[in-house]
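Accompanying notes for the structure given below.
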Amino acid sequence: MIFTASGTQDGRGLIECLLQENYKVMASVVTDYGKNLLPQHENLTVNDHKLDAAAMRRCLEENKITVFVDATHPYAVNVSQTAMQVCNELSIPYIRYERKVTPLPDYAKLYLVKTYEEAAALSVQLGKNIFLTTGSNRLELFADEAKKKNCRIVARILPAVASLEICAKAGILPRDIVALQGPFSEELNMALYAKYKADVVVMKNSGTLGGTEMKLTAAIKMNLPIVLIDRPRIDYVNMVHDYKSVIDLVRQYEK
């Protein structure tokens, strides 16, 4: 059985490709929404529980996993590091599928940072109205920094109860919540930046599928400062960027 750590749109596409190749697949997701988006298939088993190292080890052993495909979000580094560690301990082949980064433009107001902490500290220096496109992850960091500088946070998040609860806990008012699922066109990004009077836009390099290019071009056309959290650098093994390469590697290991 092939274990696929998913939760992203391209991860679901990869699962469908594996099923088309008649592999038995266990898909790991952490939300009911992610579970509901998976296809119904006789060869698909779903794990919807969060897995720390010990739980992941038990899961892989009990289900006789032969290959681990990591298709988690590019910024979900803790999951990937845990997966590589457990796979190494169990001698299970590990494959990392990751969407390509979006090439960054030559733009004087583009500020590249390495961490959420750096992004939060810098964004409040660049403007009073901060438009976050990074979702609900680490939202409290930005909210805390904004309070210190009397800045306003506008959070664009998934329209999910859990995300709304994080906003409420961080003190983000309903009027400052944009609960929509992307990716968004350049025109819609510009309209939202304008509606909420954005002074600075914060984003991640989530790749084309994550809508990074459209966020960038919209902000550049509006001459807005951009704080971009760079993609984490991890020494992955078997890193590939397309479904075909994943299937080819799985075939090699399944011989």
Total residues in segment 192-242, condition in a helix (DSSP H, G or I) and of a type in the set (Val, Ile, Thr): 3
Single residue of Pro74, Pro174 found to be within 30 Å of Leu60 (Cβ to Cβ) and either assigned by TED's automatic domain parsing to the domain that holds Cys17 or out of contact with any Gly (no Cβ under 8 Å at 6 or more places or on another chain) (or both): Pro74
Of the conditions (1) in contact with a Pro (Cβ under 7 Å, 6 or more places away or on another chain); (2) surrounded by 18 or more Cβ atoms within 10 Å (Cβ to Cβ), Ala179 clears all except one; give me its number. (2)
Does Thr133 satisfy the criteria of being at pLDDT below 95 and either closer than 24 Å to Cys17 by Cβ or surrounded by 20 or more Cβ atoms within 10 Å (Cβ to Cβ) (or both)? no
When (1) outside any helix (DSSP H, G or I); (2) under 26 Å from Asp230 (Cβ atoms); (3) in contact with a Lys or Arg (Cβ under 9 Å, 6 or more places away or on another chain) are applied to Gly7, the one that fails is (3)
Can you tell which of Asp70, Asp52, Asp48 is in contact with a strand residue (DSSP E or B) (Cβ under 9 Å, 6 or more places away or on another chain), among the charged types (D, E, K, R) and closer than 30 Å to Asp230 by Cβ? Asp70
Please indicate, with yes or no, whether at least one residue in segment 56-75 is closer than 30 Å to Leu216 by Cα, modelled with pLDDT of 95 or more and among the small types (Gly, Ala, Ser). no
What do you reckon, is Lys109 in contact with a Gly (Cβ under 7 Å, 6 or more places away or on another chain) and either over 30 Å from Leu249 (Cβ atoms) or surrounded by fewer than 16 Cβ atoms within 10 Å (Cβ to Cβ) (or both)? no
Segment 12-61, subset in a helix (DSSP H, G or I) and acidic (Asp, Glu), residue nearest to the chain's Cα centre (by Cα): Asp32
Quick one: is Tyr111 within 17 Å of the chain's Cα centre (by Cα) and of a type outside the set (Val, Ile, Thr)? no
Go through segment 106-166 and tell me which strands (runs of 3 or more DSSP E), entirely inside it, have 3 or more residues that are touching a strand residue (DSSP E or B) at 6+ places or on another chain (Cβ under 8 Å) and over 13 Å from Ile177 (Cα atoms). 110-113
Note: among Ala218, Ala198, just one is closer than 21 Å to Ser136 by Cα and at pLDDT 95 or above, namely Ala198
Say whether the condition of being polar (S, T, N, Q), over 22 Å from Gly211 (Cβ atoms) and at pLDDT below 95 is met by at least one residue in segment 91-108. no
List pairs: first residue in segment 153-167 and charged (D, E, K, R), second residue at pLDDT below 95 and loosely packed, with under 13 Cβ neighbours inside 10 Å anywhere in the structure, Cβ distance under 7 angstrom, at least six positions apart or on different chains. Arg156/Leu180
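The values are calculated or read from the model by the stated rules, or taken from the named source; none is laboratory data. Not measured: the values here are computed from a predicted model. No Cβ is skipped: glycine too gets one built from the backbone with ideal geometry, and neighbour counts run over all protein chains shown.
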